[in-house]
Each structure stands twice: as structure tokens, then as C-alpha cells.
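Here is the structure we will look at.
The values are calculated or read from the model by the stated rules, or taken from the named source; none is laboratory data. The model shown is predicted, which means the values in this text are computed figures rather than measured ones. Methodologically, a virtual Cβ is constructed for each residue, glycine included, from the backbone with ideal geometry; neighbour enumeration extends over all protein chains shown. To get the accessible areas, we keep the full protein, side chains included, count just its heavy atoms, and leave off ligands, DNA and RNA. Shrake-Rupley method; radii C 1.70, N 1.55, O 1.52, S 1.80 Å.
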Amino acid sequence: MVRTDKNKIFLEGNLREETRSALVCIYQLIQKLGYQDVVLDFSGATYVDAGMMLPIASYAAYYRKNQIDFSLVEPADPVLQRLFINTNWAHFIDPQKYALNNRRRSNNLPVLQFQDGDAQFDVVNRAMEILMETIKVQERKQLKALEWALNEITDNVLNHAESPIGGLVQIQSFPSKNRVSFYVADAGLGIPSTLRKAIAGISSDSDALDRAIREGVTRNKATNQGNGLFGTFKCCEESSGSFLILSNHAVLRYDSKGLSVKTDNVPFRGSFISATINYSTEGLLEKAFVFGGKIHEPANDFIDMHYSHVEDKILFEVSKEVEGFGSREFGRRARSKIDNILVDKNNSILFDFGGIPLISSSFADEVFGKLFAELGAMEFMRRCEFRSVDATVKRLIDRAISQRMKESN
Ligand SMILES: Nc1ncnc2c1ncn2[C@@H]1O[C@H](COP(=O)(O)OP(=O)(O)OP(=O)(O)O)[C@@H](O)[C@H]1O
Ligand SMILES: [Mg+2]
């Protein structure tokens, strides 16, 4: 439930479907009642999600630029309280009190802001790095599809929105469900507003959103193709995921019930897009990216750009790729990256252990013992090479592999 008392907004209980009410309250306190300082009181909240918090974060960042202060009363529930800090929701509501958390979180990218192309490039790369560590695809093209969609939606903010705060992006992965959700918000002009200026005959904001996700619809045929929203939407649709756009006076929603577009009398300032994709869908890229009757395969992906080659091998600099070498958890993340590289049968890896004096035996087993057992000796030797391995590290890897071999006999 969401209610107000003077300049305070109380957000209580399960807030799953309360995004609109929260935004309406913010709008009313500031635009109608003229408050210059708004308190968001989450002390009684029991459930919140990025679908609500990213739009709120975007509003807070926008209004702060216009000299309106936001402050936060943290949830009393300690789990939620940590979530507010870790995801940077707290930071974007009240940056003076809460520092930006720049650390990687295992399955998630906290909310990050991008205001130019370099920052956008950075954010997408960080997201891909996290996805490489947390999800396991069956085809390299599935990762490509996720990267493409994320690039397009964030790129749209810089290309079209004229947002004074740039864009905010947050990503969550749900490896056990084979799903990734990404959320992008800006406080700019809004999709209907930019499209309506360019295309005659759009009858309403909801008509504009309905058209925006169709193939080839763009505000500028000379410079753009109009495939970004279409391709992203198709990724969600083809994978039975979900898709949501809030922008100006319209809401577009795609979920298991199908596609709907509705008018909303309270406008959303800017655009908010939430996309959930089931990446394990077979042939996801080939199904989703058909433009002008042809399958579009993005030329370069994260793996091409992030890794260099030594002869025909992908160079995996272990000290840079892995945050720690002491535990199975770090081992699992390293293994996930390695699997996502090796999923492409053309790839083999040169592991460079330069600068690493020691790894734990659980790390050695999690990564190399298990990889050896899964690939088998011949395939392991064909696809994995090592260099600059310290004698102690070598012993540990050898032992991990021989123990796994014993187990399989
Ligand atoms: N964040 C945004 N803010 C404002 N308008 C947007 C935003 N995102 C998309 N639009 C509008 O929706 C239209 C369609 O977007 P879409 O990404 O599908 O195509 P495009 O960006 O024009 O072309 P392409 O993505 O192929 O380069 C854009 O031309 C623009 O008018
Ligand atoms: Mg685009």
C-alpha cells in the first residue's frame, strides 16, 4: 500500500504492483502540492522489486537536478535494507547519505548511471562480465542476443531521450530459471513524444508505443533502422519472457497473457523499459532478429572484444578474470566464464597464470578438476593450454585432475 501524509510517502507491505501509485504520489506532492523535499518511507515495506525502484530512482535523480530533495527511511526488514544499499536504490534516492556501491554482486548488476557513450559501453561490459559468470548458455548466440538487446535499449537513451540524468540500468539474472531481466530508465522526452514529432498520424501515446516496437519504426529513417525496440521485444516474446514500457501517457505490457497497450492519465516522465528474456530458448537470436526478412547476427560480441588471441587460442588471464582463488564460489564463477567461452566449439583457451602464487585446492577442483572430468582427457588437452604456471599451482591443478580421474575409474 502507498499513502501520503504531508511530504511523506509511506510505502508499506507487498509493493509488487504499486509502481504507479508510488509515482502518482511523488508527482502529486511535487507538482500539485509544491513540496520541495519528499520523504520516501519504506520502513513498513515487505517486498519491492526493480520494476518499482528503478523508476523511483530515476524520478529522484531527475527532481534532485531541479532542486527537490529526496530522503529515504530504510526498510526495517534487514534483508530489504541490505538490498536497498547493494542495488544502489538507496544511493539514487539520497546520494548524500548513501555512497555509490561499485562492487560486483554475484548475480546482479547494481543500478548504474550512464550519461555518455563511454559510460554506456562500460555498463554493458560490466553487465556481460556478470552474465558470463552467472548464467550458462547452450549457444554463444544466446549471449549475443542478450548483449545486443541491452546495447540497443541503453543506446536509445543517448540517441533519443535528451535525458538530463542520462540513463539508469540494473540487471538481474536468475540462472535456475534461465532468465535475465534488465531494467533501463531515463528522465527524458519519452518514446511517444519523440516518435510523434517525426511520424504523422500517430493518434495517441499508446498508439505510439504500439508502433515503436514494430519493425522499422524510427523517428529518423536517415540515421536509424528502427530495430532496437522491435528486436528486444521479439527476444522477450520468442522466449516467453516479459516486456514492459512506461512512457509518457502510455503503458505497453507483454507477458503470458499477451500484448496490451493502455493509456494512463498520469504521465511517466521519460521512459522505463523492463525486459525479461529466457536465454535458453533454442535459436533465440535467429528467431528474434529477423530484419527485412534476413537474420541479423551482430558482428562482434563481448567475447570477441574482451579477449585477445594467442595464435588460435583465447587468452584467459586468470589474475584479471577471477576476483579470488580461495573458494569454490570464485571457482564456480570462473568455470561459468570458461564454459561460456568453450560453448563455441571453435574456441580453445590459453590459461595464463602469471602473478598467481597460490590457489586453493577447492578452486583447482571446481575449475580444472571438474572441467577435465566433463571434457575428457583428449578434449581437455585439445582445448586447454597453460602458461606461466607457478610450481605450487601446477601441483594443485595436477592433483585436482588426478583425483577426479580416480573417481571416474
Ligand atoms: N529512451 C527513449 N527516449 C525517447 N524516445 C525513444 C527512446 N527509445 C526509443 N525511442 C523512440 O522510439 C523509436 C524506435 O526506437 P528503436 O530503438 O526501435 O529504433 P531507432 O533507435 O530509431 O533505430 P535503431 O535502434 O535501429 O538504431 C526511436 O526512433 C525513438 O523515436
Ligand atoms: Mg534504437
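Modelled label positions at residue 162 and residue 176, each set 7 Å beyond Cα in the direction of Cβ, lie 4.7 nm from each other. With a cut-off of 13 Å between beta carbons, the residues surrounding residue 253 carry a summed charge of -2, where Lys and Arg count +1 and Asp and Glu -1.
State the percentage of accessible surface on the chain attributable to carbon and sulfur atoms; use a 1.4 Å probe and exclude ligands, DNA and RNA.
Carbon plus sulfur share of accessible area: 48 percent.
Take the Cα of residue 361, step 7 Å toward its Cβ, do the same at residue 257, and the gap between the two points is 5.7 nm.
Magnitude of the charge dipole for region 307-408, about its Cα centre and with charges confined to Cβ atoms of Lys, Arg (+1) and Asp, Glu (-1), is about 240 debye. Solvent-accessible surface of region 102-301, taken per residue with a 1.4 Å probe and all protein chains present: 41 Å². Dipole orientation for the chain: of the candidates 21, 58, 201, 21 has the Cα lying most toward the positive pole (charges on Cβ; Lys, Arg +1; Asp, Glu -1).
Placing a label point 7 Å from the Cα of residue 378 along the Cα-to-Cβ direction, the residues of region 329-345 whose backbone N falls under 19 Å from that point are 345. Sequence-distant contacts, meaning Cα pairs under 8 Å at least 6 residues apart, place the relative contact order of the chain at 11 percent.
Stretching the chain fully between residue 20 and residue 386 yields a gain of 126.3 nm (0.36 nm per residue, less the alpha carbon separation).
List the trypsin sites (Lys or Arg not before Pro) within region 252-308 that fall in a DSSP loop (any state other than H, G, I, E or B) and whose Cβ has at most 12 other Cβ atoms within 10 Å.
Here the sparse-neighbourhood loop sites are 257.
Here is the size of the chain from its Cα atoms: Rg then Dmax, 23.4, 76 Å.
Compactness of region 307-408, taken as the C-alpha radius of gyration over 2.2 N^0.38 Å, stands at 0.98.
Across 382, 20, 328, mean-square fluctuation computed from a Gaussian network of the chain (C-alpha pairs under 10 Å connected) peaks at 382. Charged side chains reduced to their Cβ positions (Lys and Arg at +1, Asp and Glu at -1) give the chain a dipole of some 340 debye around its Cα centre.
In this label model, residue 200 and residue 265 are separated by 3.3 nm, measuring between points 7 Å along each Cα→Cβ vector.
Count the net charge of all other residues whose Cβ sits under 13 Å from the Cβ of residue 12, scoring Lys and Arg as +1 and Asp and Glu as -1. Before the final figure, lay out the partial values.
Working: positive: 3, 8, 16; negative: 5, 18, 41, 77.
With Lys, Arg at +1 and Asp, Glu at -1, the neighbours total -1.
Rounded to the nearest 20 debye, the dipole magnitude of region 163-258 is 80 debye, with +1 charges on Lys and Arg beta carbons, -1 on Asp and Glu beta carbons, and the Cα centre as origin.
Quick check on my link table: of 8/262; 144/313; 144/394; 177/394, which ones sit more than 27 Å apart, alpha carbon to alpha carbon? Those over the limit are 8/262; 144/394; 177/394.
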